[in-house]
Amino acid sequence: MTELSSVARLPSVCPHDCPSACSLEVEVIDGKSIGRVRGNKRQSYTDGVICAKVARYAERIHHPDRLLHPLKRVGPKGSGAFERISWDEALDEIASRFLAIEAEHGAEAVWPYYYAGTMGLVMRDGINRLRHAKRYSGQFSTICTTMAWTGYIAGTGRLAGPDPREMSKADCVVIWGTNAVHTQVNVMHHAIKARKERGAKIVAIDIYRNATLDQADLALVLRPGTDGALACAVMHVLFRDGHADRAYLAEFADAPAELEAHLATRTPEWASAITGLSVAEIEAFAALVGARPRTFFRLGYGFARQRNGAVNMHAASCIATVTGAWQYEGGGAFHNNGAIYHWRKSLIEGLDKVDHSVRQLDQSQIGRVLTGDAEALRQGGQVRALLIQNTNPVTVAPEQELVKRGFAREDLFTVVHEHFMTETALMADIVLPATQFMEHDDLYQGGGHQHVMWGGKLVDPPGECRSNHDLICELARRLGADHPGFAKSPREIVDWTLRESGHGTLEELIASDFKDVQPDFETAHYRRGFAWRDGKFRFKPDWSKVPNANAGLVGPHEAIPALPDHWAVIEQAEAEHPFRLATSPARNFLNSTFTETPTSLKKEGGPTLMIHPEDAAALGIAQGDPILVGNRRGTVELDAVLFDGLVRGVVIAESIWPNAAHRGGRGINTITGADAVAPYGGAAFHDNKVWLRKLM
């Protein structure tokens with residue numbers, strides 16, 4: 001930047017896969033490039049605070065390795081041999097191949113595949129408009145939220161809770177199953193504000209001592225998949241010691257007497273044997289919550305990524321009901337605010353074109369789908385074409401050996417629209433360069449807060465990058481797909497969506513950058529009743545009727561406990577696989593995003609496995625030793641990090657590194673499973689039994 005440079009500070013929104021959806025202030029230099037990125041102080045949840053990896057976003061948007069032109073494969077799949085072609089050539093080839101596949105095998109042989117490479121509603125979800133207009137195979141998106149949302153809604157009946165800014169007004173903040181310092185810095189910001197201003201206590205619960213637990217007044221490190229046992233023991237103590245709000249329970253809960261009787265045997269001693277926590281730690285947590293009914297439970301996604309994840313989420317949320325915490329400002333249980341936006345998305349997603357007879361394929365089971373598993377294919381034909389938008393399943397999807405085998409099929413035509421040459425793009429037949437969020441217009445919502453936000457285009461994209469919307473509309477024209485959304489600009493779609501959803505106009509949103517749509521206190525705290533017909537929180541939910549998106553009941557759903565409990569359906573360690581592995585998020589990556597930026601790479605160092613020093617000593621493993629980790633799904637090579645902030649028998653791989661970053665070329669998701677988790681599916685990334693040994 002020179003002295004003569006013009007620097008404007010313009011508003012934007014972080015588009016990445018994170019509940020915080022931070023409101024940003026971006027330095028735009030001479031109208032052409034990006035400088036420093038800061039949190040927007042005017043938006044009361046972001047409150048000027050963002051994570052370091054987004055603050056240095058100039059490294060990503062101006063990265064020299066960005067894809068700039070359409071490419072066509074000219075060598076073997078995965079070889080990286082591509083030639084440059086024009087956009088017209090690429091689009092014509094894609095349309096020709098899709099139409100030919102549709103004619104020979106039916107429309108369901110084409111599978112548009114995406115997730116949260118961007119969280120903008122137009123650029124993320126517009127791919128569904130093409131899917132529905134053409135009746136291509138559907139996608140049931142299970143890779144992230146399914147277990148957590150199902151578990152939370154099982155109690156409340158609705159995916160919404162107290163204003164998350166109320167953390168700063170709590171007397172106790174419980175951060176459960178999310179390493180907020182790594183993944184949601186705003187949670188820590190509001191929790192620490194409560195400590196400074198009110199003397200609030202912070203409790204952090206996780207499966208290893210991480211940066212969030214380091215800042216807690218009470219840090220609880222438990223075994224993966226045992227959160228339900230902890231929740232039950234806490235509620236046992238609350239009933240035992242007179243901290244249950246019986247008047248509140250009588251009015252707002254479905255089965256308090258049955259719950260109390262059930263919990264009689266769920267003592268701290270019982271939970272200690274399951275969780276690895278001491279009886280004293282469990283008693284201290286329960287006493288703290290009991291003495292401070294103005295407790296805010298901030299429930300994360302991580303502890304729900306187990307085969308009993310929905311049950312664990314539900315059990316944790318039940319504590320706030322036993323104490324009556326929902327009654328107080330700064331109290332209750334919050335997970336996500338998705339239900340408050342009531343979007344009308346027909347123009348974005350083409351919902352008026354949905355054909356419910358079209359099969360829904362499980363996103364997490366892409367490896368099984370592409371390798372011809374009849375159940376994963378819903379007894380239908382093979383997928384013969386993929387349109388992959390801003391996501392990287394060859395790195396992030398479970399059961400990587402199946403995923404890579406599927407992508408290597410010569411009869412599979414794959415198109416990838418992406419920012420960088422990811423491991424998925426390397427397997428494509430056509431690679432298309434995509435815009436990043438500051439290079440297009442879009443509409444956003446906060447899952448972890450309550451704002452509708454506008455993110456307008458700030459700079460022109462480099463090379464020949466085009467937006468997701470542009471690609472979908474161009475393909476629709478060539479494929480004969482008909483819908484009004486294909487003829488409209490992103491701004492026109494956003495304006496219609498805002499108006500139809502009761503959120504005003506685009507002009508009004510641009511003028512303010514964001515709109516606070518937080519429901520009133522009585523609604524957010526369920527003071528008029530929970531979102532069930534009788535208004536009562538469900539301690540005893542009917543798991544087959546939880547109102548969360550699903551493609552039918554899966555897994556051992558009939559065996560789900562009737563009341564909160566420890567459900568021992570996880571992958572238990574045993575003689576052949578004596579360790580339990582979780583694939584927790586790294587501070588400087590976000591899934592496989594930022595694995596290309598130099599500062600993030602430098603700070604993370606390389607793929608490692610945290611192991612307790614006593615476990616390491618028993619195996620003759622020293623700090624930095626190369627180790628092999630495996631199970632029936634495959635093996636992965638990592639370097640040992642000796643760390644005593646674990647329960648013995650638990651190992652942690654902070655990830656997700658590309659497969660190529662590992663010796664042997666196999667990444668951590670080689671050993672994670674894609675079996676569908678009860679009751680509605682999902683991927684249990686943190687629930688893996690493994691063996692490990694030192695490499696010589």
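Computed log10 I(q)/I(0) for the range 88-231 at 0.14, 0.20 Å⁻¹: -0.83, -1.28, from the Debye equation with unit scatterers placed on every C-alpha and solvent omitted.
Between Asp411 and Glu507, the modelled label-to-label distance comes to 5.7 nm, taking each label 7 Å out from Cα in the direction of the beta carbon. The Kirkwood radius of the range 124-173, taken over pairs of alpha-carbon atoms, gives through the Stokes-Einstein law at 37 °C and 0.692 mPa s a diffusion coefficient of 230 µm² s⁻¹. So which lysines can Lys72 reach, going by Cα to Cα under 26 Å and dropping same-chain residues fewer than 8 places off? Straight-distance partners of Lys72: Lys134, Lys404. Per atom type, the chain shows carbon and sulfur on 49% of its accessible surface, probed at 1.4 Å. DSSP assigns beta bridges within the range 567-689; of those with both partners inside it, close to 55 percent run antiparallel.
How many percent of the alpha carbon pairs in the range 15-90 exceed a separation of 14 Å? Intermediate results must be reported in sequence, preceding the final value.
On the way: 2042 of 2850 pairs.
That tail contains 72 percent of the Cα-Cα pairs.
Residues in the chain average 35 Å² of solvent-accessible surface per residue, probe 1.4 Å, ligands and nucleic acids excluded. Rolled with a 1.4 Å probe across the full set of protein chains, the surface gives Lys72 an accessible area near 70 Å². Take every Cα pair under 8 Å whose residues are at least 6 apart in sequence, average their separation, divide by the length of the chain, and the relative contact order is 19 percent.
Take every pair of alpha-carbon atoms less than 8 Å apart whose residues are at least six positions apart; their mean separation over the length of the range 221-334 yields a relative contact order of 39 percent.
Under the definition of Cα pairs under 8 Å and six or more residues apart, what whole-number percent is the relative contact order of the range 545-696? Walk me through the numbers before you get to the answer.
Details: 294 pairs, mean separation 53.2, N = 152.
So the answer I get is 35 percent.
Taken over the Cα atoms of the chain, the convex hull encloses 153 Å³ per residue.
Counting only DSSP H runs of at least 4 residues, each contributing -39500 (n - 2.57), and dividing by the residue count of the chain, the helix-based mean residue ellipticity at 222 nm comes to -8000 deg cm²/dmol. Distance from the alpha carbon centroid of the range 574-607 to that of the range 619-696 works out to 10 angstrom. Taken along the Cα-to-beta-carbon direction at a fixed 7 Å, the label points for Glu329 and Ala247 span 2.1 nm.
Report the gain in length on full extension from Glu558 to Glu614: 0.36 nm times residue separation, minus Cα-Cα distance, nm rounded to one decimal. Before the final figure, lay out the partial values.
Values: separation 56, 0.36 × 56 = 20.16 nm, distance 3.94 nm.
Taking Glu558 through Glu614 to full extension adds about 16.2 nm, to one decimal.
Restricted to Cα atoms, the range 159-307 shows a radius of gyration and a Dmax of 15.1, 40 angstrom. Considering all different alpha carbon pairs of the range 250-389, the Kirkwood hydrodynamic radius works out to 19.7 Å. When the P(r) of the range 366-475 is calculated, the portion above 18 Å amounts to 59% of the C-alpha pairs. Sorting the segments 503-514, 7-18 by their mean number of nearby beta carbons within 10 angstrom, highest to lowest, gives 7-18, 503-514.
The length gained on full extension between Ala622 and Ala291, counted as 0.36 nm times the residue separation minus their Cα-Cα distance, comes to 114.7 nm.
If R0 is 22 Å, what FRET efficiency do you get for Ser489 and His69 from their C-beta distance, rounded to 0.05? Each step should come with its number before you reach the end.
Values: r = 24 Å, r/R0 = 1.09.
E(calc), rounded to 0.05, equals 0.35.
What do you reckon, how do Val49, Val383 stack up by accessible area (1.4 Å probe), largest on top?
Working: Val49 35, Val383 0 Å².
These residues rank, largest area first, as Val49, Val383.
Taking every DSSP bridge with both residues inside the chain, close to 50 percent are antiparallel.
The Cα atoms of the range 68-113 cover 31, 23, 19 Å along the three principal axes, with the biggest extent listed first. When its C-alpha radius of gyration is set against 2.2 N^0.38 Å (N residues), the range 653-696 gives a value of 1.39.
Put a dot 7 Å past the Cα of Ala273, heading toward its Cβ, do the same for Glu104, and the two dots end up 6.1 nm apart.
Over every pair of different alpha-carbon atoms in the range 78-137, take the mean of 1/r and invert it; report that Kirkwood radius in Å. Before the final figure, lay out the partial values.
Details: mean 1/r = 0.0743 Å⁻¹.
One decimal place: 13.5 Å for the Kirkwood radius.
Positive end of the dipole of the range 152-284 (Cβ unit charges, origin at the Cα centre): among Cys232, Ala273, His182, the Cα lying farthest that way belongs to His182. Solvent-free Debye calculation, one equal scatterer per alpha-carbon of the range 38-145: log10 I(q)/I(0) at 0.19, 0.21, 0.24 Å⁻¹ equals -1.24, -1.29, -1.32. Across the alpha-carbon set of the range 256-333, the Rg to Rh ratio works out to 0.96, Rh being the Kirkwood radius.
Under 14 Å from the Cβ of Ala622, count the other residues' Cβ atoms, weight Lys and Arg +1, Asp and Glu -1, and hand me the total. Here the count lands on -2.
Considering only Cα atoms, the convex hull volume of the range 549-661 works out to 175 Å³ per residue.
Pairwise Cα distances in the range 334-419 exceed 22 Å for 42 percent of all pairs.
The values are calculated or read from the model by the stated rules, or taken from the named source; none is laboratory data. Since the structure is predicted, the reported quantities are computational estimates derived from the model, not experimental observations. Backbone-built Cβ (ideal geometry, glycine too); neighbour counts: all protein chains shown. Protein only, heavy atoms only, side chains kept; ligands, DNA and RNA dropped before computing areas. Shrake-Rupley method; radii C 1.70, N 1.55, O 1.52, S 1.80 Å.
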